[in-house]
Every structure is written in C-alpha cells, then in structure tokens.
Amino acid sequence: MAVTIKDIAKIAGVTHSTVSRCLNDKPGVSDAMRAEIKRIAQDLGFEFNANARSLHTSKTETIGIILNEANDDNQPHLFTNNFLRHIRHQLEEEDLDTITTFPHNDYSGKDNIQKIVNRRKVDGLILLTSSIEKETVDFLRDAEIPFVFSHQIPPDEFGKVNAVYCDHRKGGYLATKHLIDCGYRRILCVTRPDQRLEFALRTDGYRQALEEAGIAVDETMILKGGSSFDFCPEDVEREILQVSKYDAIFAHTDLIALEIMKELVKHGVSVPKDIALMGYDNIELCTFFEPHLSSVAQPLEDISIKTCEILIKQLAGDNTVKRFVFQPRLIPRETT
C-alpha cells in the first residue's frame with residue numbers, strides 16, 4: 001500500500017496540514033521540522049505529489065471527471081450521458097478540456113484519482129461518485145486540488161466538501177404523493193440493487209408520502225430491481241405481475257420503469273388501466289414509448305452550471321466550501 005501523508009504525520013507526531021506545508025515548502029513551520037518531515041518521507045519511500053506545489057504555476061487547463069463505477073458496464077446510462085453533456089458544455093465555455101475515468105483501475109485496483117493528480121494531468125476534479133475512500137478525499141485536500149461532488153451525495157465521513165445535488169428524498173416523495181393523489185393506495189416501490197444514498201433517499205420519500213396519507217408502510221412492497229434494461233430478477237418479475245396486489249408502481253429510474261412496462265404489456269397488463277407506473281430522471285425515452293411515462297425531473301443543467309461555477313471559483317483561489325441542494329420537479333404523463 002502506498003505511503004500517505006497520514007502515515008508520515010503519525011510517525012512525526014504532527015498534523016496532516018503540517019506535513020503538507022513541509023512537503024510543499026510553505027511557510028509556518030521551522031526549517032528543522034521541514035527537514036525532519038522530508039527525511040521521514042524519504043525513508044518511507046513516499047511518492048511526493050508534485051502537483052500540490054506546481055498547480056498554481058503550471059496549469060493543464062484540464063478537468064478530471066470521475067464517474068461512478070456502477071456505470072462501467074454494457075448498459076445504457078442515458079441520465080449520466082445527458083448530465084456529462086451539460087457539464088462538458090459548461091467547461092468548454094471556459095475553454096477547459098476534460099478527461100473522464102473511474103475511481104479505480106480495473107486491473108491493478110489502484111486509485112485512478114491519485115494517479116492523475118500525481119501525474120499532473122488535471123487542475124481540478126468533478127466527482128460524479130461518492131464511492132471513493134476517505135483517504136482519497138484527504139489526499140485531495142492535502143494536494144490542494146479543487147474538487148466538487150456533483151449529483152452524488154458525499155457521506156458525512158468526508159467532512160465539509162463542495163457538493164451539488166438534487167433532493168432525492170423530495171423526489172421520492174413527489175412521485176409517491178402524485179400516485180396517492182391520483183387515487184392509488186397499494187404502491188410497489190422498485191429500487192436499484194446497489195442502494196446508493198440517492199436511492200435510499202428516494203425510498204425514504206416514498207415512506208414519508210405513504211405515512212402522511214395514513215397508509216401503512218409495508219417493507220415487503222419495497223423490492224430491489226436492477227440498474228437498467230433487462231433488469232428483472234425472477235422474484236421482482238413475479239411481483240410486478242401480481243396486479244391484484246398493487247394498483248401502482250414507483251420505479252427509482254426511468255429505465256427500470258420502462259422495463260417494467262415492457263413486462264406488463266408482454267403479459268397483457270394495461271398501463272395505466274390495470275396498474276399505474278411512475279419513473280424517475282425524466283430521460284428522453286419517457287416520451288418515446290406509448291403510453292408516455294410519468295417521471296420526476298432533476299434540474300441537470302442547473303446542477304451542472306453550479307458545479308462548474310464552484311470548481312472554477314476554486315481554481316481562482318476561492319476556498320469557501322459550498323453545498324447546494326436543488327429541488328426536483330414532478331412530470332405527470334399518461335402512465336399515471
């Protein structure tokens with residue numbers, strides 16, 4: 001395992017910031033302390049992050065975009081692709097290039113984020129994933145690399161970090177309340193198998209809407225589906241076809257909802273006559289099929305603009321930590 005600033009700080013009995021100041025030749029530490037920290041680093045074989053010292057004098061004009069590893073498959077990720085398009089447009093307006101990668105190398109398992117920073121490939125990072133180690137976040141702080149979590153919600157253990165995302169609890173609430181307002185009471189909730197925080201929050205919103213309407217929450221009506229097309233495990237497929245048990249389905253993504261609609265139609269079940277269906281994300285495919293899918297829209301353009309705005313301000317020296325939470329919007333259509 002690579003030696004980190006945390007290791008050096010523990011041996012020297014000093015803080016992470018003291019080690020960072022010593023290795024980056026910054027003021028605020030004695031010459032003796034600087035020499036001692038560098039000696040320990042050399043003895044441990046520490047790979048010095050040259051980018052931390054040269055960032056302000058040797059710009060790459062390139063931003064790294066770190067994708068969620070759940071997107072590293074052969075499935076269509078229309079929501080992510082659309083979001084990336086918005087971010088790229090914002091950065092290109094500032095004459096900034098982009099490189100895209102995943103948090104870890106598939107073959108070695110090594111940290112791609114630390115690699116591209118150490119090799120001075122980027123000036124800053126947009127993290128479209130929260131599935132990274134706390135050590136990586138600490139590394140970015142020590143390296144003084146500007147970064148923003150976007151769309152994904154960073155866990156509390158990361159401390160105060162820049163983040164821009166949608167209120168997914170509110171989104172799950174809006175979707176479920178809409179179904180209740182339409183007269184549906186027995187609402188099946190189909191989420192993703194990985195249960196990232198955004199999907200857990202959508203489920204929380206589902207529960208909240210049911211409780212406010214005086215409908216008892218039945219945990220057996222919350223099922224884990226898949227991530228995209230051709231998703232249905234056998235137990236989920238059996239459940240969605242039991243139309244007598246449910247009068248509506250809330251799927252946590254539009255792709256899951258569209259796959260459910262395909263299964264229902266294949267078995268002669270009419271949407272919404274026999275059962276209503278609600279998706280989430282408001283991707284373009286919602287209106288490509290009949291009937292048009294009701295959904296919840298995230299303000300992707302607003303999120304991308306604010307993400308890039310925060311990052312660009314960081315690049316200019318503004319180190320104020322900011323967090324913005326945008327509100328989703330209900331898009332009712334024919335399936336409800």
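The values are calculated or read from the model by the stated rules, or taken from the named source; none is laboratory data. The shown structure was predicted, so the numbers you read here are calculated from the model rather than taken from an experiment. Neighbour counts run over all protein chains shown; Cβ positions are idealised from the backbone, glycine included.
Filtered by the rule that a residue be free of Cβ contacts under 8 Å to residues at least 60 places away in the same chain and either buried (at least 21 other Cβ atoms within 10 Å of the Cβ) or not in a helix (DSSP H, G or I) (or both), the range 303-320 gives 316, 317, 318, 319, 320. Could you say whether any residue in the range 153-174 is hydrophobic (A, V, I, L, M, F, W, C) and within 14 Å of residue 277 (Cα to Cα)? Yes, the range 153-174 contains at least one residue that is hydrophobic (A, V, I, L, M, F, W, C) and within 14 Å of residue 277 (Cα to Cα). Among the numbered conditions (1) within 30 Å of residue 141 (Cβ to Cβ); (2) touching an Asp or Glu at 6+ places or on another chain (Cβ under 9 Å); (3) surrounded by fewer than 16 Cβ atoms within 10 Å (Cβ to Cβ), the only one that residue 274 does not meet is (1).
Only one of the numbered conditions (1) within 19 Å of the chain's Cα centre (by Cα); (2) modelled with pLDDT of 80 or more is violated by residue 41, and that is (1). Residues that are among the hydroxyl-bearing types (Ser, Thr, Tyr), surrounded by 18 or more Cβ atoms within 10 Å (Cβ to Cβ) and more than 15 Å from residue 144 (Cβ to Cβ) within the range 1-45 comprise just one, 4. With the condition kept exactly as written, say whether any residue in the range 322-329 is over 28 Å from residue 251 (Cβ atoms), under 24 Å from the mean Cα position of the chain (by Cα) and not in a strand (DSSP E or B). Yes, because at least one residue in the range 322-329 is over 28 Å from residue 251 (Cβ atoms), under 24 Å from the mean Cα position of the chain (by Cα) and not in a strand (DSSP E or B). The requirement of being buried (at least 23 other Cβ atoms within 10 Å of the Cβ), part of a helix (DSSP H, G or I) and under 20 Å from the mean Cα position of the chain (by Cα) is fulfilled nowhere in the range 282-302; no residue meets it.
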